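Values in this text are rule-based calculations from the coordinates and carry no lab data. For clarity, every value in this text was computed on a predicted model and none was experimentally measured. Methodologically, a virtual Cβ is constructed for each residue, glycine included, from the backbone with ideal geometry; neighbour enumeration extends over all protein chains shown.
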Amino acid sequence: MKNYLILLCLILTMISCGKKSSIPELMGIPDDSQNPYTISSTHVGSITRGTNIHQLYSIFPAKQIKLIKNKGGFFNQEFDDYNVYDNNGKLLFIATPEVAGDTSSFINRIIIRDTSFKTPEGIGLNSNLGQIRDAYHNINYLPSSGEIVVSVPKVSTSFLINKATLDDSWWDNNTNQIIEKNIPDSAQIDGIVVFWNTKEAQHIPAVFTAAFWNEMLTKLITWCVIQLPSIAILVILFVSLLRALRFTTRKMKKLAINKAHKTENIDNNEAEKRINTLTGIIYGIGRIFLWVIFLLILLGKFNINIAPILASAGIVGLAVGFGAQELVRDFISGFFILLEDQLRTGDWAVINGTEGLVEKIELRTVTLRDSSGTVHIFQNGKIDTLSNMTKEWSAIVLQIGIGYKEDTDNAVMLMQQVGDEMFNDPVYKEMMLEPVAISGVNDFADSAVVIRLVIKTKPMQQWAVGREYRRRLKKVFDAKNVEFPFPYRTLTWGDSSNPIKLKIEPADSDSK
């Protein structure tokens, strides 16, 4: 135990007698406690390249820092100047961050105001141009509005000389350049400005300081406390709306199918197919709408400006709207054709004067096949007239003509008898919805008395029922000697012509 105590005392003695190393020295930065007013390419006193405004408040007390809002530059942009004072209220320097209003922004400019600040070569506000020329070999001269800027890259510092203290010989009007040799060594330094490249500053060891990570952690915690609850509420609301939309569309589909089965005399599969298409479209449009609103609000929570996104979307939508007017019109027309149940697959319809069987109904087109097998495709937006001959039920109208010498009451009785027989026939009873309805004598034509009748049938069955009715009526009229009028022609030779005398004699057997 005594040996351990002796060893510990020796170590403490060596540490106390040895050279002390500060944290800045361990990071490769000169110790500011020994050089509190040094100007170099990496630091100005306690301010190192890569220090941000938040860290500036950890180096100097807040009472020694004063923020002044300024405007300047070519575009008159805003910038922040932080005046830093010593304990006695004397202005030391002015620190300007890269971004105004952002305490995490790096300091990229420091204007020296105290004569105590000097470069390692001893150049400060009390120095003149001759001392700068003696201390540095790489010097650049740049004209400014009121000063000559003497830039020294070695220390990332610009020394300012007031033009008013010089004669006009330093400027060549022919070449528009500074004549360096005409600037006397006695020209006094009027200001010192240190410029730092903030992009390079991001790579210096200050990033790994506790202040940097404390600041990042503070921002993260603040964002989580403020934004996470609202984001959680937004997600819950979004999921709830999606579920409500799904539930509503399913309920609508179920109610519509039940109503179709009760009120519409159509195939159940066809009704379900149409209703599924409509509810699928409604759910898809609603889902896209909810997703767009959710993403836009979520982007706002991450401080992303959605105004340019909305403007771009509006421009794109306008361009697409102009370029795809027909397509949009076709889709809207197709949606209403399905919604209003104007057509169904399997209907017999007349579209724009073309008659045929409806083979396919889509959001953009309707496909029709005529009796000759030709397929016709119509854009929904260009359908001007649509006649559905088989919607819910069909009917065939027959105009039956009988001779003027026939008894119309007897003919009507026979026609009604044929209709009743068909309605009681098991085969045709499935096709006919009602008994034959005879309207009576409808017209006096040139050679016939026209009797009108109507047969109401299931969709697409009117032609088969009509053919069978005509066949049976012909047999009954023939059996009862009821004449169907038909055209005939009588040839008259005239009164002036004598009859032709014909004599028919048997042929001789020899002539065969």
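Computed from the C-beta positions of D102 and I332, the FRET efficiency with R₀ = 41 Å rounds to 0.25. For the pair V454 and Q77, label points projected 7 Å from Cα toward Cβ lie 8.2 nm apart. Applying both filters, DSSP loop and at most 10 other Cβ atoms within 10 Å, to the GluC sites (Glu not before Pro) of segment 257-361 gives E340. A simple count of charges around L327, restricted to other residues whose Cβ falls under 14 Å of its Cβ and scoring Lys, Arg +1 and Asp, Glu -1, yields 0. Using a cutoff of 8 angstrom between alpha carbon atoms and counting only pairs six or more residues apart, the relative contact order for segment 112-201 works out to 31 percent. Considering all alpha-carbon pairs of segment 88-141, what whole percent are spaced by more than 18 angstrom? It works out to 51 percent of all Cα pairs.
Computed over segment 394-479, the alpha-carbon pair-distance distribution with 10 angstrom bins reads 18, 52, 25, 4, each value a whole percent. The A164 and N303 beta-carbon pair, evaluated with R₀ = 35 Å, returns a calculated FRET efficiency of approximately 0.15.
Around the Cα centre of segment 211-323, unit charges on the Cβ atoms of Lys, Arg, Asp and Glu (plus for the first two, minus for the last two) sum to a dipole of about 420 debye. Label-to-label distance for R470 and T374 is 2.3 nm, based on points extended 7 Å past Cα in the beta-carbon direction.
For the pair A62 and N174, a Förster radius of 51 Å applied to the C-beta separation gives a FRET efficiency near 0.40, rounded to the nearest 0.05.
Between E359 and E272, the modelled labels are 2.6 nm apart [label points 7 Å from Cα along Cα→Cβ].
Applying a DSSP loop filter and a limit of 16 other Cβ atoms within 10 Å to the trypsin sites (Lys or Arg not before Pro) in segment 331-381 leaves R364.
Each Cα pair under 8 Å and six or more residues apart adds its sequence gap; the mean of these over the residue count of segment 394-479 is a relative contact order of 40 percent. What does the charge add up to near G401, with Lys and Arg as +1, Asp and Glu as -1, over the other residues with Cβ less than 14 Å from its Cβ? Value of the local net charge: 0.
Between A395 and L220, full extension at 0.36 nm per residue minus the direct alpha carbon distance yields a gain of 55.4 nm. Here the Kirkwood formula puts the hydrodynamic radius of segment 21-202 at 17.5 Å, using every distinct Cα pair.
Here the alpha carbons of segment 343-388 define both size measures, Rg and Dmax, at 9.2, 26 Å. Sorting M431, M252 from the fewest to the most surrounding beta carbons within 10 angstrom yields M252, M431.
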